1. For the stretch 222-305, what D do you get in µm² per second when you plug the Kirkwood radius from alpha-carbon pairs into Stokes-Einstein at 10 °C and 1.306 mPa s?
2. Using a Förster radius of 45 Å, what is the FRET efficiency between residue 124 and residue 250 based on their Cβ-Cβ separation? Nearest 0.05, please.
3. Quick one: dipole size for the chain, taken about the Cα centre, charges +1 on Lys/Arg Cβ and -1 on Asp/Glu Cβ, in debye to the nearest 20.
4. Could you derive backbone 3J(HN,Hα) for the stretch 62-70 from the dihedral phi with the Karplus parameters 6.51, -1.76 and 1.60 (θ = phi - 60°), listing whole Hz in sequence and x where the residue is Gly or Pro?
5. Tally Lys and Arg at +1 and Asp and Glu at -1 over the other residues with C-beta under 10 Å from the C-beta of residue 180: what net charge comes out?
6. Find how many whole Å separate the alpha carbon centroid of the stretch 186-260 from the alpha carbon centroid of the stretch 25-68.
7. Enumerate the residues in the stretch 149-164 having an amide nitrogen under 20 Å from the point lying 7 Å beyond the Cα of residue 176 toward its Cβ.
8. Test of understanding: in a Gaussian network model of the chain with alpha carbons linked when under 10 Å, which of 293, 249, 148 would top the mean-square fluctuation ranking?
Amino acid sequence: MKKINLIFLIFFLIIIFFYIFYKQGSLPVNKNSTKTKIFVILPGQPLQKIIDNLAKEELIRSKIIFYLIVKQLGIEKKIQAGDFRLSASMNAYQIAENLTHGTLDIWVTLIEGTRVEEMAKVLSKKFDIEEIEFIKKAQEGYMFPDTYLIPKNANVDIIIKILKNNYKNKVNQEIIKKAQKKGLTEKELIILASIVEKEAKKSRDKQIVASILLKRLKNNWPLQVDATIQYALGYQINEKTWWKKYLTYDDLKINSDYNTYINKGLPPTPICNPGIISIEAVANADINTPYWYYISDSQGKNMHYATTLKEHEENIEKYLR
């Protein structure tokens, strides 16, 4: 009987200890604090990393208790990526709940090589804006693709300003001057970079393709780029994409200023929004490249280059047929 009572007492003490531990761990770090901190959660950041950062910022008393509270509330998958205004005067429950809806800004990723219509679709899902409004106001080529923290109440004008400002910061005068030495204006730099962005995936290939296209341009050759045809064709209902996968011979005859098979020189505008690697590839392009031709294999993984039309035709036969 004494043994049973002892076990019961120990069990009771454990419960009391855990209750006190849980209660203390859920209290504010400093209930009298009047200061706030901006706490940032990155996209895809795991819960443990979030908890570690909260403890590092002295916003929670106990990592273990905060973890248990998140599990108890069932909000692990509801925690948002973004930035939050938190205070050491908030208890663990308040902080946990705040992370599910209190974000000041929203993370959004805009991918290199997307056109404004594709960006509009992404942004309309994140913010209270109409796709058509963004499409009308956005300037193709200058909506810099990147990962952004954008105010959740931002309108179209604010979003466009953020993207343009980032473009101005990334495409600095050094890059523009390099392009000018090659006889390219800033607009021509971005147009050519937008083509490179769609034509090559790897950094090394971007550099070579940029050199080939600049060489063709300077030698008054038609660029003969599929991506400009895809841009001209627009949205493909059956494929549900803005970039038609397989072009036909009839497609190559489309009557458009963007048809670089029948028109020499650059198209009138960029065909997408290029990333900094493609822009730098054009700025650093070498017109003395030995190559005139390039193709991507049927899987779209590897590029193959040729110095003569005969070599190019052999590459087509070997890698595309």
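Every read-out reported here was derived from the displayed coordinates using simple, explicitly stated rules and does not represent laboratory data. Only a predicted model underlies this, so the values are computations on that prediction, with no experimental measurement involved. Counting neighbours? That spans all protein chains shown, and the Cβs are built from the backbone with ideal geometry, glycine included.
1. Once the numbers are plugged in, D ends up at 109 µm²/s.
2. 0.85
3. 1260 debye
4. 9, 5, 4, 5, 5, 4, 5, 5, 4
5. Once positives and negatives cancel, what remains is +2.
6. When both Cα centres are located, 49 Å separates them.
7. What the label zone holds, given the 20 Å backbone N cut-off, is 160-164.
8. 249
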